[in-house]
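Since every read-out is calculated from the coordinates, none of them should be taken as a lab result. This structure is a prediction, so every number in the text was calculated from the model and none was measured. FYI the Cβ positions are ideal-geometry reconstructions off the backbone, even for glycines, and counts take in every protein chain you see.
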Amino acid sequence: MRFNKTVVTDMDSAPGLPLVEFQYYVEDSNIASVFPETVPIGNDSDASVSFNVTGNFLGYTKVCAKTVDSNNNSNTIDCIKVSVVRESRTIDKVFVGSVVALVSIIYSKFFIF
């Protein structure tokens, strides 16, 4: 996600307090989770923020970012689609190959006899 900090500005905030707080959330928390959910941003005009998305279950969801100013006004900035898939393993290929072989044997027995 790319966005700049000028979306929410608050020039009257006290020194040392974050002007903007970024909050990250997922639309379906059963599919994935995000950490950290809240990241305070200081007065720097250029800030880089990273967060982790962890898959909890197979499926599709969206990870969204929103800004919160010092008055607790929030504004959703951007969402990205996330898909959680299983890693391909050797046992999966062996299983598919054995099913293909068994179906081929059964199919040939029905049409030969």
Taking 0.36 nm per residue of separation between Y107 and S48 and subtracting their Cα-Cα distance, the length gained on full extension comes to 15.3 nm
Taking every other residue with Cβ under 10 Å from the Cβ of Y60 and scoring Lys and Arg +1, Asp and Glu -1, one gets 0
The whole-number value in µm²/s of the Stokes-Einstein translational diffusion coefficient for the stretch 26-85, with Rh from the Kirkwood sum over alpha carbon pairs at 37 °C and 0.692 mPa s, is 256 µm²/s
